[in-house]
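First comes the structure, then the notes that go with it.
The values are calculated or read from the model by the stated rules, or taken from the named source; none is laboratory data. Given the structure is predicted, the values throughout are model-derived calculations rather than measurements. Cβ sites come from the backbone with ideal geometry, for glycine too, and all protein chains shown count toward neighbours.
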Amino acid sequence: SGKSRPMRILQYVQNTAVQGDANSVISAVDSYCANVEWAMNVGDKKGEILDAVVLDVRPRWVLELGTYCGYSTMRIARLLPPGARLITLEMNHHYAQVAKQILGHAGLDSQVDLLVGASSALIPQLKKKFDMDKFDLVFIDHWKTSYLPDTKLLEECDLLASGTVLLADNVTCPGAPEYLHYVRNSPRYKSLYFPSQLEYLRVEDGMEKSVFLG
Ligand code: SAM
Ligand code: MG
């Protein structure tokens, strides 16, 4: 089997999931990570919260911070309206290579732009690189101490519109206290907690949905 956990997840997908069927690839990753090796995907339980937010927002431009193997990327991409784009940022080259192949297996690579690099370096380049204005939805799921600085960077780069939805994973486990304090107390956000459980475990976790008010 593969040399790294992401490689082993990829091999399981290639061996068991139907090519071009995103739901089949998502299920394969979930069953591997629930039964064989835990991995830091948003997972099926919180994934349903993510799905509901994507369907509710019907975004044209989506940003994801933290791709890992592309699990949440697939969940978002499969629900996007026609013409929408999902830009996902991953600083680990090996994870990004695996994610590209998983997204390819799911048949979703045409709707997704995967950029390899640190979010703090890439965020200021996005407007020009994609000839875009504001994001409608941002899924925040990279290292937890980066949630707050990157949110402030998105504000500074003028990438948030009034009504933009930020959805932050793992705000209870492992937690992002500075971020939570900011979005819950700033008059620029209307913020709501969605209780759930940590991916593949019976451990309390939750997601915070914060609407930018401008
Ligand atoms: N969103 C993925 C999912 O649910 O399937 C899981 C992402 S995993 C929890 C976090 C990822 O963020 C890791 O792959 C890590 O390499 C990446 N990462 C951490 N800090 C980053 C940063 N500042 N810029 C880009 N990627 C980062
Ligand atoms: Mg997460």
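Some points to look at:
- Among residues of the stretch 63-94 being in a helix (DSSP H, G or I) and surrounded by fewer than 20 Cβ atoms within 10 Å (Cβ to Cβ), the one that is nearest to ligand 2 (Cβ to nearest atom) is His94.
- Residue match in the stretch 139-148 (condition: under 25 Å from Ile49 (Cβ atoms) and either touching a Cys at 6+ places or on another chain (Cβ under 7 Å) or aliphatic (A, V, I, L, M) (or both)): yes
- Residue that is farthest from Ala77 (Cα to Cα) [pool: residues in the stretch 4-61 that are away from ligand 1 (no atom under 13 Å from the Cβ), in a loop (DSSP other than H, G, I, E, B) and β-branched (Val, Ile, Thr)]: Val36
- Test: residue in the stretch 185-197 that is closer than 18 Å to Thr67 by Cα and either in contact with a strand residue (DSSP E or B) (Cβ under 7 Å, 6 or more places away or on another chain) or in a strand (DSSP E or B) (or both): no
- Once the stretch 146-190 is narrowed to residues that are of a type in the set (Val, Ile, Thr) and under 16 Å from the mean Cα position of the chain (by Cα), the residue that is farthest from ligand 2 (Cβ to nearest atom) is Thr164.
- Cβ pairs under 7 Å, 6+ apart, first in the stretch 77-103 and of a type in the set (Ser, Thr, Tyr), second assigned to a helix (DSSP H, G or I): Thr88/Thr73; Tyr95/Pro6
- Checking each residue in the stretch 2-20 for being at positive phi and touching a helix residue (DSSP H, G or I) at 6+ places or on another chain (Cβ under 6 Å) picks out no residue at all.
- Residue that is nearest to Ala34 (Cα to Cα), among those in the stretch 195-211 that are more than 16 Å from ligand 1 (Cβ to nearest atom) and over 18 Å from the mean Cα position of the chain (by Cα): Arg202
- Restricting attention to the stretch 197-214 and to residues that are closer than 24 Å to Ser31 by Cβ and among the hydrophobic types (A, V, I, L, M, F, W, C), the residue that is modelled with the highest pLDDT turns out to be Met207.
- Residue list for the stretch 83-98, restricted to those being among the hydrophobic types (A, V, I, L, M, F, W, C) and farther than 13 Å from Cys69 by Cβ: Ala84, Leu86, Ile87, Leu89, Met91
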